[in-house]
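Engineer: Mind having a look at this structure? Questions to follow.
The values are calculated or read from the model by the stated rules, or taken from the named source; none is laboratory data. Every value quoted in this text rests on a predicted model; they were computed, and no experiment measured them. We place every Cβ from the backbone using ideal geometry, glycine too, and count neighbours over all the protein chains shown. Ligands, DNA and RNA are stripped out before the accessible areas are found, and what is left, the full protein with its side chains, is counted by its heavy atoms. Shrake-Rupley method; radii C 1.70, N 1.55, O 1.52, S 1.80 Å.
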Amino acid sequence: MKAYTVNQYKKNEKLALSEVPSPTVGEKQVLVEIYSSAINLLDSKIRDGEFKLILKYKPSFILGHDLAGVVRQVGSKVTKFKVGDEVFSRVRDYHQGTFAESIAVREDDLALKPKNISMNEAASVPLVGLTAWQALVEIGQLRPGQKVFIQAGSGGVGSIAIQLAKHLGAYVATTTSSKNFEFVKSLGADEVIDYKTQEFDKILSNYDLVLHSQDSQNLEKSVRIIRSGGKLVSISGPPDSRFAKKLGFPLTAVVWFLSRKVRKATALKNIQYSFLFMRADGHQLGKLAELIEGGIIKPIIDRKFSFRQIPEAMSYVESGRAVGKVVIDHKAD
(Lines give C-alpha, C1' and ligand atoms only; values in the text may rest on other atoms or scores of the structure.)
Protein backbone atom coordinates (compact mmCIF):
# COMPACT_ATOMS: atom_id res chain seq x y z
CA MET A 1 0.00 0.00 0.00
CA LYS A 2 1.03 3.65 -0.36
CA ALA A 3 2.11 5.63 2.72
CA TYR A 4 4.15 8.69 3.66
CA THR A 5 7.21 7.70 5.67
CA VAL A 6 9.92 9.38 7.72
CA ASN A 7 13.17 7.84 6.52
CA GLN A 8 15.48 9.96 8.67
CA TYR A 9 15.16 12.52 11.47
CA LYS A 10 15.78 15.87 9.81
CA LYS A 11 14.15 19.26 10.24
CA ASN A 12 11.75 20.11 7.41
CA GLU A 13 12.58 16.84 5.65
CA LYS A 14 10.01 16.17 2.94
CA LEU A 15 8.06 12.98 3.60
CA ALA A 16 8.59 10.16 1.13
CA LEU A 17 5.65 8.52 -0.63
CA SER A 18 6.54 4.84 -0.35
CA GLU A 19 5.19 1.37 -1.00
CA VAL A 20 4.95 -0.42 2.34
CA PRO A 21 3.49 -3.78 3.43
CA SER A 22 -0.21 -3.83 4.23
CA PRO A 23 -0.87 -3.99 7.99
CA THR A 24 -1.53 -7.27 9.77
CA VAL A 25 -4.42 -7.34 12.22
CA GLY A 26 -3.93 -8.51 15.79
CA GLU A 27 -6.63 -10.22 17.84
CA LYS A 28 -7.61 -6.93 19.56
CA GLN A 29 -7.14 -4.75 16.51
CA VAL A 30 -9.35 -3.39 13.77
CA LEU A 31 -8.26 -2.83 10.16
CA VAL A 32 -9.48 0.58 9.02
CA GLU A 33 -9.53 1.83 5.44
CA ILE A 34 -8.57 5.48 5.88
CA TYR A 35 -10.87 7.98 4.19
CA SER A 36 -9.47 11.09 5.90
CA SER A 37 -6.62 12.08 8.20
CA ALA A 38 -5.46 15.37 9.73
CA ILE A 39 -2.22 17.27 10.14
CA ASN A 40 -0.95 18.15 13.61
CA LEU A 41 2.17 20.04 14.68
CA LEU A 42 3.04 16.85 16.55
CA ASP A 43 3.68 15.23 13.17
CA SER A 44 6.26 17.89 12.27
CA LYS A 45 7.93 17.68 15.66
CA ILE A 46 8.26 13.90 15.39
CA ARG A 47 9.64 14.17 11.84
CA ASP A 48 12.18 16.76 13.02
CA GLY A 49 13.32 14.52 15.88
CA GLU A 50 12.14 16.82 18.68
CA PHE A 51 10.50 13.94 20.56
CA LYS A 52 12.97 11.15 19.83
CA LEU A 53 14.04 10.96 23.49
CA ILE A 54 10.41 10.40 24.48
CA LEU A 55 8.96 8.63 21.43
CA LYS A 56 11.73 6.38 20.23
CA TYR A 57 10.56 5.69 16.70
CA LYS A 58 13.13 4.07 14.47
CA PRO A 59 13.09 5.31 10.85
CA SER A 60 11.62 4.34 8.52
CA PHE A 61 8.08 4.76 9.94
CA ILE A 62 4.71 6.04 8.75
CA LEU A 63 3.61 9.41 10.13
CA GLY A 64 0.10 10.57 11.07
CA HIS A 65 -2.12 10.28 14.17
CA ASP A 66 -5.73 11.18 13.28
CA LEU A 67 -8.10 9.22 11.07
CA ALA A 68 -11.65 8.65 9.97
CA GLY A 69 -12.56 5.62 7.92
CA VAL A 70 -14.38 2.32 7.53
CA VAL A 71 -13.73 -0.97 9.32
CA ARG A 72 -12.65 -3.65 6.83
CA GLN A 73 -11.55 -6.44 9.21
CA VAL A 74 -11.73 -7.16 12.94
CA GLY A 75 -9.48 -9.28 15.15
CA SER A 76 -10.75 -12.42 16.86
CA LYS A 77 -11.20 -10.72 20.26
CA VAL A 78 -12.76 -7.46 19.03
CA THR A 79 -16.25 -6.93 20.48
CA LYS A 80 -17.12 -3.25 19.93
CA PHE A 81 -16.88 -2.93 16.14
CA LYS A 82 -17.88 -4.81 13.02
CA VAL A 83 -16.97 -4.68 9.34
CA GLY A 84 -18.58 -1.66 7.70
CA ASP A 85 -18.61 0.58 10.79
CA GLU A 86 -17.56 4.19 10.21
CA VAL A 87 -15.02 5.10 12.89
CA PHE A 88 -12.55 7.77 13.93
CA SER A 89 -9.46 7.70 16.13
CA ARG A 90 -6.30 9.26 17.42
CA VAL A 91 -4.16 6.13 17.29
CA ARG A 92 -1.84 5.49 20.22
CA ASP A 93 1.85 6.29 20.29
CA TYR A 94 4.08 3.65 18.65
CA HIS A 95 1.09 2.56 16.55
CA GLN A 96 0.75 5.76 14.53
CA GLY A 97 0.67 5.82 10.74
CA THR A 98 -2.50 7.41 9.36
CA PHE A 99 -0.78 8.98 6.34
CA ALA A 100 -1.49 5.69 4.57
CA GLU A 101 -4.26 3.81 2.80
CA SER A 102 -5.11 1.64 5.81
CA ILE A 103 -4.00 0.94 9.37
CA ALA A 104 -4.52 -1.63 12.12
CA VAL A 105 -5.82 0.17 15.23
CA ARG A 106 -6.34 -1.04 18.77
CA GLU A 107 -10.05 -1.45 19.50
CA ASP A 108 -9.74 0.73 22.62
CA ASP A 109 -8.47 3.67 20.52
CA LEU A 110 -11.54 3.78 18.26
CA ALA A 111 -14.99 5.32 18.49
CA LEU A 112 -17.92 5.33 16.09
CA LYS A 113 -17.86 8.38 13.84
CA PRO A 114 -20.55 10.96 14.64
CA LYS A 115 -23.37 10.42 12.17
CA ASN A 116 -23.96 14.10 11.47
CA ILE A 117 -20.49 15.03 10.16
CA SER A 118 -18.33 14.07 7.19
CA MET A 119 -15.22 11.90 7.21
CA ASN A 120 -13.07 15.01 6.80
CA GLU A 121 -14.73 16.71 9.77
CA ALA A 122 -14.39 13.56 11.89
CA ALA A 123 -10.67 13.24 11.13
CA SER A 124 -10.13 16.80 12.36
CA VAL A 125 -11.32 16.02 15.88
CA PRO A 126 -9.44 13.20 17.68
CA LEU A 127 -6.08 14.63 18.74
CA VAL A 128 -7.27 18.16 19.48
CA GLY A 129 -10.56 16.99 20.96
CA LEU A 130 -8.89 14.52 23.31
CA THR A 131 -6.34 17.17 24.29
CA ALA A 132 -9.13 19.55 25.22
CA TRP A 133 -11.06 16.84 27.10
CA GLN A 134 -8.06 15.63 29.08
CA ALA A 135 -7.01 19.20 29.94
CA LEU A 136 -10.41 20.60 30.92
CA VAL A 137 -12.36 17.56 32.16
CA GLU A 138 -9.83 14.99 33.35
CA ILE A 139 -7.13 17.25 34.84
CA GLY A 140 -8.81 20.64 35.14
CA GLN A 141 -12.14 19.26 36.42
CA LEU A 142 -13.71 22.46 35.15
CA ARG A 143 -17.03 23.31 36.80
CA PRO A 144 -19.88 25.72 36.02
CA GLY A 145 -19.07 29.31 36.96
CA GLN A 146 -15.30 28.85 36.92
CA LYS A 147 -13.02 31.00 34.77
CA VAL A 148 -10.70 29.42 32.22
CA PHE A 149 -8.09 31.04 29.99
CA ILE A 150 -7.44 29.15 26.74
CA GLN A 151 -4.46 30.38 24.75
CA ALA A 152 -4.57 30.50 20.93
CA GLY A 153 -8.32 30.19 20.65
CA SER A 154 -8.43 30.04 16.86
CA GLY A 155 -6.06 27.05 16.64
CA GLY A 156 -6.92 23.37 16.48
CA VAL A 157 -6.92 22.72 20.24
CA GLY A 158 -8.22 26.15 21.18
CA SER A 159 -11.23 26.07 18.87
CA ILE A 160 -12.46 22.80 20.39
CA ALA A 161 -11.47 23.72 23.95
CA ILE A 162 -13.53 26.93 23.87
CA GLN A 163 -16.63 25.02 22.81
CA LEU A 164 -16.09 22.32 25.44
CA ALA A 165 -15.46 24.87 28.21
CA LYS A 166 -18.68 26.72 27.40
CA HIS A 167 -20.58 23.42 27.48
CA LEU A 168 -19.12 22.84 30.95
CA GLY A 169 -20.50 26.22 32.06
CA ALA A 170 -17.23 28.16 32.35
CA TYR A 171 -16.40 31.79 31.62
CA VAL A 172 -13.87 31.64 28.78
CA ALA A 173 -11.10 34.08 27.91
CA THR A 174 -8.77 33.52 24.98
CA THR A 175 -6.11 35.09 22.77
CA THR A 176 -6.05 35.46 19.01
CA SER A 177 -5.31 38.10 16.39
CA SER A 178 -7.86 40.85 15.77
CA LYS A 179 -8.97 39.31 12.46
CA ASN A 180 -10.20 36.21 14.34
CA PHE A 181 -12.10 38.00 17.13
CA GLU A 182 -15.55 37.29 15.73
CA PHE A 183 -14.62 33.69 14.97
CA VAL A 184 -13.62 32.82 18.56
CA LYS A 185 -16.62 34.72 19.90
CA SER A 186 -18.84 32.57 17.69
CA LEU A 187 -17.32 29.52 19.40
CA GLY A 188 -18.34 30.89 22.80
CA ALA A 189 -15.41 32.99 24.03
CA ASP A 190 -16.58 35.60 26.56
CA GLU A 191 -13.40 37.70 26.53
CA VAL A 192 -10.95 37.98 23.65
CA ILE A 193 -7.47 39.46 23.85
CA ASP A 194 -5.38 40.53 20.87
CA TYR A 195 -2.04 38.85 21.50
CA LYS A 196 -0.30 41.26 19.12
CA THR A 197 -1.24 44.44 20.97
CA GLN A 198 -2.34 43.40 24.48
CA GLU A 199 -0.72 41.64 27.46
CA PHE A 200 -3.19 39.13 28.87
CA ASP A 201 -1.57 39.18 32.32
CA LYS A 202 -2.36 42.88 32.57
CA ILE A 203 -6.05 42.25 31.84
CA LEU A 204 -6.99 38.89 33.40
CA SER A 205 -6.85 37.86 37.06
CA ASN A 206 -8.13 35.30 39.54
CA TYR A 207 -8.58 32.50 36.98
CA ASP A 208 -9.33 28.95 38.06
CA LEU A 209 -7.66 27.21 35.13
CA VAL A 210 -5.28 28.02 32.28
CA LEU A 211 -4.72 25.84 29.22
CA HIS A 212 -1.22 26.83 28.10
CA SER A 213 0.01 26.04 24.59
CA GLN A 214 2.60 28.74 23.89
CA ASP A 215 6.18 29.60 24.92
CA SER A 216 7.88 29.91 28.31
CA GLN A 217 7.25 33.66 28.50
CA ASN A 218 3.50 33.09 28.24
CA LEU A 219 3.81 30.32 30.82
CA GLU A 220 5.23 32.81 33.33
CA LYS A 221 2.43 35.25 32.53
CA SER A 222 -0.14 32.50 33.00
CA VAL A 223 1.04 31.87 36.57
CA ARG A 224 0.31 35.52 37.40
CA ILE A 225 -3.37 35.34 36.44
CA ILE A 226 -4.26 32.13 38.34
CA ARG A 227 -5.80 32.27 41.79
CA SER A 228 -4.32 30.44 44.75
CA GLY A 229 -5.45 26.84 44.49
CA GLY A 230 -6.00 27.10 40.74
CA LYS A 231 -4.64 24.87 38.00
CA LEU A 232 -2.21 25.33 35.12
CA VAL A 233 -2.24 22.69 32.37
CA SER A 234 0.46 22.96 29.71
CA ILE A 235 0.60 21.05 26.44
CA SER A 236 3.87 22.70 25.39
CA GLY A 237 6.02 21.95 28.42
CA PRO A 238 7.96 21.74 30.50
CA PRO A 239 7.19 18.16 31.61
CA ASP A 240 6.20 17.58 35.25
CA SER A 241 7.27 14.94 37.78
CA ARG A 242 4.36 12.62 36.90
CA PHE A 243 5.45 12.55 33.29
CA ALA A 244 9.09 12.18 34.31
CA LYS A 245 8.32 9.03 36.28
CA LYS A 246 6.93 7.47 33.11
CA LEU A 247 10.18 8.26 31.30
CA GLY A 248 12.51 6.84 33.95
CA PHE A 249 16.28 7.24 34.24
CA PRO A 250 18.16 9.16 32.87
CA LEU A 251 15.47 11.58 31.70
CA THR A 252 13.95 12.11 35.15
CA ALA A 253 16.82 14.38 36.19
CA VAL A 254 16.61 16.30 32.92
CA VAL A 255 12.89 16.91 33.36
CA TRP A 256 13.45 18.05 36.94
CA PHE A 257 15.97 20.62 35.71
CA LEU A 258 13.76 21.88 32.87
CA SER A 259 10.72 22.31 35.12
CA ARG A 260 12.44 23.90 38.13
CA LYS A 261 11.32 27.46 37.28
CA VAL A 262 7.62 26.70 36.81
CA ARG A 263 7.60 24.38 39.85
CA LYS A 264 8.92 27.17 42.04
CA ALA A 265 6.53 29.80 40.64
CA THR A 266 3.44 27.61 40.98
CA ALA A 267 4.41 26.41 44.46
CA LEU A 268 4.62 30.00 45.71
CA LYS A 269 1.00 30.59 44.65
CA ASN A 270 -0.33 27.14 45.57
CA ILE A 271 -1.09 26.36 41.92
CA GLN A 272 -1.32 22.80 40.62
CA TYR A 273 0.89 22.48 37.54
CA SER A 274 0.35 19.61 35.09
CA PHE A 275 2.05 18.79 31.80
CA LEU A 276 -0.31 17.06 29.38
CA PHE A 277 1.07 14.73 26.72
CA MET A 278 -2.29 13.58 25.46
CA ARG A 279 -3.06 9.90 24.97
CA ALA A 280 -5.38 7.88 22.77
CA ASP A 281 -8.70 7.02 24.43
CA GLY A 282 -11.64 5.59 22.52
CA HIS A 283 -14.05 6.02 25.45
CA GLN A 284 -13.35 9.75 25.76
CA LEU A 285 -13.57 10.09 21.97
CA GLY A 286 -17.01 8.52 22.20
CA LYS A 287 -18.03 11.21 24.69
CA LEU A 288 -16.84 13.86 22.24
CA ALA A 289 -18.83 12.14 19.49
CA GLU A 290 -21.98 12.49 21.61
CA LEU A 291 -21.34 16.24 21.99
CA ILE A 292 -20.82 16.59 18.24
CA GLU A 293 -24.02 14.71 17.45
CA GLY A 294 -25.80 16.91 19.97
CA GLY A 295 -24.64 20.05 18.16
CA ILE A 296 -22.58 21.20 21.15
CA ILE A 297 -19.17 20.89 19.49
CA LYS A 298 -18.58 21.71 15.83
CA PRO A 299 -15.39 20.63 14.05
CA ILE A 300 -13.52 23.55 12.49
CA ILE A 301 -11.69 22.93 9.21
CA ASP A 302 -9.38 25.53 7.72
CA ARG A 303 -8.28 23.77 4.53
CA LYS A 304 -8.50 20.39 2.81
CA PHE A 305 -5.66 18.75 0.88
CA SER A 306 -5.50 15.51 -1.11
CA PHE A 307 -3.43 12.48 -0.06
CA ARG A 308 -0.69 13.38 -2.54
CA GLN A 309 -0.53 16.88 -1.06
CA ILE A 310 0.40 15.78 2.47
CA PRO A 311 3.90 17.40 2.30
CA GLU A 312 2.33 20.71 1.24
CA ALA A 313 -0.30 20.38 3.97
CA MET A 314 2.40 19.93 6.60
CA SER A 315 4.20 23.05 5.38
CA TYR A 316 0.95 25.01 5.60
CA VAL A 317 0.33 23.91 9.20
CA GLU A 318 3.92 24.76 10.13
CA SER A 319 3.36 28.31 8.80
CA GLY A 320 0.95 28.95 11.69
CA ARG A 321 -1.74 30.41 9.42
CA ALA A 322 -4.41 27.74 9.96
CA VAL A 323 -7.64 28.59 11.76
CA GLY A 324 -8.94 25.28 13.08
CA LYS A 325 -7.64 22.08 11.48
CA VAL A 326 -6.08 21.02 8.19
CA VAL A 327 -7.39 17.71 6.88
CA ILE A 328 -6.36 15.20 4.24
CA ASP A 329 -9.03 13.72 1.98
CA HIS A 330 -7.58 10.33 1.04
CA LYS A 331 -10.28 9.78 -1.59
CA ALA A 332 -9.82 13.10 -3.40
CA ASP A 333 -7.04 11.96 -5.75
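Engineer: Rounded to a whole number, what % of the accessible area of the chain do carbon and sulfur atoms account for, probe 1.4 Å?
Structural biologist: Here carbon and sulfur together make up 51 percent of the probe-accessible area.
Engineer: Follow-up. From the Cα trace of segment 198-304, what convex hull volume per residue do you get, rounded to a whole Å³?
Structural biologist: Expressed per residue, the convex hull around the Cα atoms of segment 198-304 is 169 Å³.
Engineer: Using label points projected 7 Å from each Cα along Cα→Cβ, tell me how many nm separate A332 and K179, to one decimal.
Structural biologist: 2.0 nm
Engineer: Only loop residues by DSSP count here, and only those with at most 15 other Cβ atoms within 10 Å; note down the GluC sites (Glu not before Pro) in segment 156-228 that meet that.
Structural biologist: Sparse-neighbourhood loop GluC sites (Glu not before Pro): E199.
Engineer: Follow-up. Need the list of lysines near K166 for cross-linking: C-alpha distance under 18 angstrom, and skip anything on the same chain fewer than eight residues off.
Structural biologist: The qualifying lysines are K147, K185, K231, K287, K298.
Engineer: Okay, moving on. Not counting the cut sites, what is the longest span of the chain without trypsin sites (Lys or Arg not before Pro) that DSSP labels loop and that have at most 10 other Cβ atoms within 10 Å?
Structural biologist: That gives 197-320 as the longest site-free run.
Engineer: What does the accessible area per residue of the chain come to in Å², with a 1.4 Å probe and no ligands, DNA or RNA counted?
Structural biologist: Spelled out: the 1.4 Å probe surface of the chain, per residue, equals 45 Å².
Engineer: Could you give me the percent of Cα pairs per 5 Å distance bin for segment 44-88, shortest bin first, beginning at zero and ending with the bin that holds the maximum distance?
Structural biologist: 5, 17, 19, 13, 10, 15, 17, 4
Engineer: Just grab the label-to-label distance for E27 and K269, each label 7 Å out from Cα along the Cβ direction, in nm (one decimal).
Structural biologist: So the label points at E27 and K269 sit 5.1 nm apart.
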